[in-house]
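The values are calculated or read from the model by the stated rules, or taken from the named source; none is laboratory data. Predicted model, so just to flag it, every value in this text is computed and none were measured. Glycine also receives a Cβ, built like all others from the backbone with ideal geometry; neighbour counts cover every protein chain displayed.
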Amino acid sequence: MGDRRIDVLPGFSEEVCVVLVEPENDGNIGAVARTMLNFGFTDLRVVGRDGAWSEETKRRAKNAQRVLENAKVFQTLEQSTTDCSIVVGTSGKREEGDKIARRHFLLPEEIPSSLGNAEGRIALVFGPEGKGLLNEQLTFCDLLVTIPTWEGYPILNLSHAVSIICFIWYYHSDTSKPSGTGGRLLNPKLRQRFREEVRRLVQNMPTKEHKRKGIEETLFRVIMRGLPKDDEMHRLLGVISDAANSFENKKESKSSKHGAKNED
């Protein structure tokens with residue numbers, strides 16, 4: 001399941017680069033390469049490494065070896081972003097009080113919505129695992145982004161942070177959604193028919209009269225809460241209609257027998 005099909009990379013692949021500043025863990029570099037390709041990013045830049053990737057790095061990259069092979073290495077953050085129009089720094093350190101002046105953050109989903117149509121290359125910069133980006137490095141960045149996490153343990157693993165940012169960028173870009181995830185809104189006529197069949201089922205089922213309205217509303221809302229697709233709704237309708245027909249036939253049969261006894 002680690003293979004990937006041959007497909008065209010998203011348009012942003014040529015416009016967005018991921019910059020790792022002095023990453024400490026070889027495995028994290030490989031994991032970053034893998035998650036980048038998962039979401040269509042291919043431009044990896046590493047500051048403070050020589051580009052001789054260890055076996056651990058290659059192993060963790062899995063089938064994203066092309067990202068490692070094409071990765072560029074630099075001595076400084078400034079050198080790694082000379083061709084970028086916007087530099088976005090990431091940090092999990094959310095200061096309070098007087099120090100907050102240097103740390104006005106955007107949320108991850110605000111980055112692609114604000115910059116998705118901008119012209120020029122965009123750098124997404126991540127600091128080392130132990131301490132993150134230093135204040136002077138954050139000052140160099142044009143925008144800052146932080147990933148909402150529980151304040152009791154806010155700092156994410158490097159590759160996890162890259163995964164979240166890349167996923168959100170991919171999700172909010174003009175890319176196709178995986179097969180089987182679309183079509184969540186029902187055809188209006190199918191919805192109306194479903195409501196009518198649920199009502200018919202409840203009106204004919206054997207229960208106390210004052211309970212019918214609550215049963216009908218609960219059945220309708222619980223099923224709709226699952227956001228069934230049209231084909232799923234057709235199958236549900238088949239079951240509900242059969243059950244309604246069965247209760248209706250029993251009701252009519254009982255009524256006919258009662259009428260026959262009255263004639264006798």
All helices (runs of 4 or more DSSP H) inside the stretch 31-92 with 1 or more residues being in contact with an Asp or Glu (Cβ under 7 Å, 6 or more places away or on another chain) and free of Cβ contacts under 8 Å to residues at least 40 places away in the same chain: 55-61
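Condition check: outside the structural domain of VAL88 (by TED's automatic domain parsing) and at pLDDT 90 or above. Does LYS229 satisfy that?
On the way: outside the structural domain of VAL88 (by TED's automatic domain parsing): yes; at pLDDT 90 or above: no.
The answer is no for LYS229.
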Residues satisfying the stated conditions in the stretch 65-108, i.e. surrounded by fewer than 19 Cβ atoms within 10 Å (Cβ to Cβ), in contact with a helix residue (DSSP H, G or I) (Cβ under 8 Å, 6 or more places away or on another chain), more than 30 Å from GLU55 (Cβ to Cβ) and at pLDDT 80 or above: GLU78, ILE86, LEU106
Given (1) within 24 Å of LEU138 (Cα to Cα); (2) modelled with pLDDT of 95 or more; (3) part of a helix (DSSP H, G or I), number of the condition ILE111 does not satisfy: (2)
Residue pairs meeting the criteria (Cβ under 7 Å; at least 6 apart or on separate chains; first part of a helix (DSSP H, G or I), in the stretch 227-247; second small (Gly, Ala, Ser)): ASP230/GLY183
Filtered residues of the stretch 53-64 (kept if within 29 Å of the chain's Cα centre (by Cα) and surrounded by 14 or more Cβ atoms within 10 Å (Cβ to Cβ)): GLU56, THR57, LYS58, ARG60, ALA61, LYS62, ALA64
Subset of the stretch 46-63 (residues that are at pLDDT 95 or above and among the aliphatic types (A, V, I, L, M)): VAL46, VAL47, ALA61
Residues of the stretch 124-154 satisfying the condition of being under 11 Å from VAL21 (Cβ atoms), out of contact with any Gly (no Cβ under 9 Å at 6 or more places or on another chain) and at pLDDT 90 or above: GLU129
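Given the structure, is ASP43 acidic (Asp, Glu), touching a strand residue (DSSP E or B) at 6+ places or on another chain (Cβ under 8 Å) and either at pLDDT 95 or above or farther than 25 Å from ASN28 by Cα (or both)?
Judged against the criteria, ASP43 is a match.
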